[in-house]
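The values are calculated or read from the model by the stated rules, or taken from the named source; none is laboratory data. Only a predicted model underlies this, so the values are computations on that prediction, with no experimental measurement involved. Note that we place each Cβ from the backbone using ideal geometry, even for glycine, and neighbour counts take in every protein chain shown.
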Amino acid sequence: MLTLGIETSCDETSLSVTQGKKVLSNVVSSSVHLHKKYGGVVPEIASRFHVEYIIEVLSKALKESHKNLKDARLVAVTNGPGLVGALLTGISLAKAISYCLGLPLIGVNHILAHLYSAFLNEDDKPGFPFIGLVVSGGHTALFYCEDVGRQKLLGQTQDDAVGEAYDKVAKILNLGYPGGPIIERVAKRSKGKNKIAFPKSYLGKDSLDFSFSGIKTAVLYYVRNHITPPGCDISHPGDVSGLISDICHAFQEAALDVLVEKACLAAKIKKVSRIVIGGGVAANSRLRDKLIDAAKFLGIKVYFPKMEYCLDNAAMVGVLGEELYRRAHRSNLYLTAQPNLEVV
Ligand code: KG4
Ligand code: ZN
């Protein structure tokens, strides 16, 4: 079955052609460069970019897969959560194709698409049950997964998502956007000269919820007290660059420790021996190393998506859409954008 996947929930315009779990093409065009100067995604700019480029991205995805639109048998599109204008662009295209070609349509939850993105691995695909950890710019959540589309939410962030914390800390340090990859890179340069420990928020002994707003505020105060007087920027770090690396390192260690400990705790509580991770922050190599190390002691195997499937992409939407379609999930032309769509 050939599935056309469409993802436009945030700042990536992505279309894919997939067949079962095989990816024939996965084209991603990002407007991230247009948002950099604002330090975060500007919804209106993201929507306009989708409108401008989506047809071009569709043509490229079809060309790379060596297929025609009429070969498709299903259209799968992200219908939430995300930015309403951005989502609507992808949904409008999906509905137009579905209507014109008489193809079935399926709306896919973006968080679930991240959760199951390790299923796109050519080998080393996870089996069930597993603990799923979604770590992105908009979400941080733990799930108990029994089958595709049958998962239970165990805990989630009560405030900022972990990717959001990375982005905000990078903004405080004037390092650029998106913050995750930059902080990871700068943290690697840390020589640990400044002994810094930021608070780790556990929200109670057995809680599987998260909180990352406290650590972000702790970084803000640390920077105010040690680098700049309030109101100054740090565009020219000069001899404080060593301190900035140490701050990035301390922030990253504290944030990732909480993710790793809670994912392992969830696996212990649910007595499962697999952890599957997805979302933009899953691209972080320090997180990968830490989680693999911690899980090994507990006899737990960890599954990560390939790097290209960690960040927003249509292939994860197409593959999950087809799996759900095979399990009798259906949408119709009343499908619309749900910016706050939850996982059920
Ligand atoms: O999944 P994603 O592409 O979009 C959302 O659904 O939010 O994730 C984007 C987030 C951003 O916050 C970005 O800073 C973070 O993922 N990110 C990373 C890394 N690469 C991207 N965070 C930590 N380390 C990375 N290497
Ligand atoms: Zn995402």
Test set (1) farther than 29 Å from Pro126 by Cα; (2) touching an Asp or Glu at 6+ places or on another chain (Cβ under 8 Å) - Tyr202 fails condition number: (1)
- request: Could you grab me the full set of residues in segment 36-69 that are at pLDDT below 95 and part of a helix (DSSP H, G or I)?
  value: Lys36, Lys37, Tyr38
Total residues in segment 142-154, condition touching a strand residue (DSSP E or B) at 6+ places or on another chain (Cβ under 9 Å) and buried (at least 18 other Cβ atoms within 10 Å of the Cβ): 6
query: Pick from Gly127, Gly138, Gly180, Gly192: which is within 16 Å of ligand 2 (Cβ to nearest atom) and either more than 18 Å from the chain's Cα centre (by Cα) or surrounded by 24 or more Cβ atoms within 10 Å (Cβ to Cβ) (or both)?
result: Gly180
query: What is the one condition in (1) more than 20 Å from Asp124 (Cα to Cα); (2) within 16 Å of ligand 1 (Cβ to nearest atom); (3) out of contact with any helix residue (DSSP H, G or I) (no Cβ under 6 Å at 6 or more places or on another chain); (4) in a helix (DSSP H, G or I) that Gln338 does not satisfy?
result: (4)
- request: Name the single residue, out of those in segment 147-168 being in contact (Cβ under 8 Å) with a residue 12 or more places away in the chain and farther than 20 Å from Lys262 by Cβ, that is nearest to ligand 2 (Cβ to nearest atom).
  value: Asp167
- prompt: Is it the case that segment 267-274 has a residue that's within 20 Å of the chain's Cα centre (by Cα) and within 16 Å of ligand 1 (Cβ to nearest atom)?
  reply: no
Complete set of residues in segment 326-344 that are among the hydroxyl-bearing types (Ser, Thr, Tyr) and under 21 Å from Met1 (Cβ atoms): Ser331
- request: State all residues of segment 1-19 that are part of a strand (DSSP E or B), within 10 Å of ligand 2 (Cβ to nearest atom) and buried (at least 24 other Cβ atoms within 10 Å of the Cβ); if no residue qualifies, say none.
  value: Glu7
field: Checklist (1) buried (at least 24 other Cβ atoms within 10 Å of the Cβ); (2) closer than 29 Å to Ile182 by Cβ applied to Gly321, failing item
entry: (2)
field: Criterion: β-branched (Val, Ile, Thr) and over 17 Å from the mean Cα position of the chain (by Cα) - qualifying residue of Val41, Val57, Val32, Val28
entry: Val57
message: Considering only residues that are at pLDDT 95 or above and part of a loop (DSSP other than H, G, I, E, B), which ones fall in segment 192-211?
response: Ile196, Ala197, Phe198, Pro199, Lys200, Ser201, Tyr202, Leu203, Ser207, Leu208, Asp209, Ser211
query: Which residue pairs have Cβ atoms under 8 Å apart, sit 6 or more places apart or on different chains, and have a first residue in segment 201-227 that is at negative phi and a second that is of a type in the set (Phe, Trp, Tyr)?
result: Ser201/Phe210; Ser201/Phe212; Ile215/Phe198; Ile215/Phe251; Ala218/Phe198; Val219/Phe198; Val219/Phe251; Tyr222/Phe198
